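Here is the structure we will look at, set down as structure tokens.
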Amino acid sequence: MTTIKDDFVFRSGKYQNKTYEFVSQVNPSYLDWVVENRPEMLREIVRKGPNTDGMTPREKFASLMPNTNFINEGKK
């Protein structure tokens, strides 16, 4: 099981957006219930970092556009 840190934030449930530390002080029996009935609530969400491909949004959009340059097509 993943180690739960005190700054862990619940993403759903009765204490949504509250830290593990807060819930352990206010209602420790809720933590027991979560472990027994909803352990997926304690899984850490792995987030990808920022997009580092070096392209601006405008460049990405332009790369998705079809090539309509038929004038130079086929010439060598």
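I'd like the residue in the range 32-68 that is among the β-branched types (Val, Ile, Thr) and modelled with pLDDT of 80 or more and, out of all such residues, is surrounded by the most Cβ atoms within 10 Å (Cβ to Cβ).
So in the range 32-68, the residues among the β-branched types (Val, Ile, Thr) come out as 34-35, 45-46, 52, 56, 68.
With modelled with pLDDT of 80 or more added as a condition, the list becomes 34-35.
Working: Val34: 19, Val35: 13.
Per the stated criteria, the residue is Val34.
Could you tell me whether any residue of the range 19-31 is at pLDDT below 85 and open to solvent by 80 Å² or more (accessible area, probe 1.4 Å)? If you could, list the steps in order and put the result at the bottom.
Filtering the range 19-31 down to residues at pLDDT below 85 leaves none.
No; the residues of the range 19-31 include none that is at pLDDT below 85 and open to solvent by 80 Å² or more (accessible area, probe 1.4 Å).
The values are calculated or read from the model by the stated rules, or taken from the named source; none is laboratory data. Owing to the predicted nature of the structure, the values given are computational and were not obtained by experimental measurement. Cβ atoms come from the backbone with ideal geometry, glycine included; neighbour counts cover every protein chain shown. These area figures cover heavy atoms from the full protein model, side chains too; ligands, DNA and RNA do not enter into them. Shrake-Rupley method; radii C 1.70, N 1.55, O 1.52, S 1.80 Å.
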